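Here's the structure we're looking at; comments come further down.
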Amino acid sequence: MDRVFPDDLPLYPEDLAICQRVYDALRQECGIEHDPAMCDLLAWHAITYYRRGVKDEAQLRHLAKSTMDQAQRQILSTGAGRLSD
């Protein structure tokens, strides 16, 4: 029997709606509306956490925000500015 990985499972409209709400809220909250690379990273994290079992919207938002905060700190500490620079 073939093994099914979380990243291989489809996302249904209700799944995407949760991820979209998290993405929209955090994009503004993190101040990355005009940074395509950071927006892509945020979307990837939200979907990845969701696919790995984080279905609660508040928890998904918390994890994605923590990850984005860490990414922004790491970028700033290297002096690279934003990812799209």
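May I ask for the angle, rounded to the nearest 10°, between helix 13-29 and the longest principal axis of the chain, with both axes built from Cα atoms and the value confined to 0 to 90°? On a 0 to 90 degree scale, this one is about 10. The trypsin sites (Lys or Arg not before Pro) of the range 13-76 that DSSP puts in a loop, and whose beta carbon has at most 14 other beta carbons within 10 Å, are Arg52, Lys55.
Excluding ligands, DNA and RNA, what is the solvent-accessible area per residue of the chain at a probe of 1.4 Å, expressed in Å²?
68 Å²
Note on the range 15-85: the alpha carbon radius of gyration divided by the globular reference 2.2 N^0.38 Å gives 1.06. Temperature 10 °C, viscosity 1.306 mPa s: under these conditions the Stokes-Einstein estimate for the range 1-48, based on its Kirkwood radius over C-alpha pairs, is 134 µm² per second.
Give me the percent of accessible area attributable to carbon and sulfur for the chain, probe 1.4 angstrom. So the carbon and sulfur contribution to the accessible surface is 53 percent.
The values are calculated or read from the model by the stated rules, or taken from the named source; none is laboratory data. These numbers come from a predicted model, not from an experiment. Cβ: placed from backbone, ideal geometry, glycine included. Neighbour counts: every protein chain shown. Areas reflect the complete protein model, heavy atoms only, side chains present, ligands, DNA and RNA absent. Shrake-Rupley method; radii C 1.70, N 1.55, O 1.52, S 1.80 Å.
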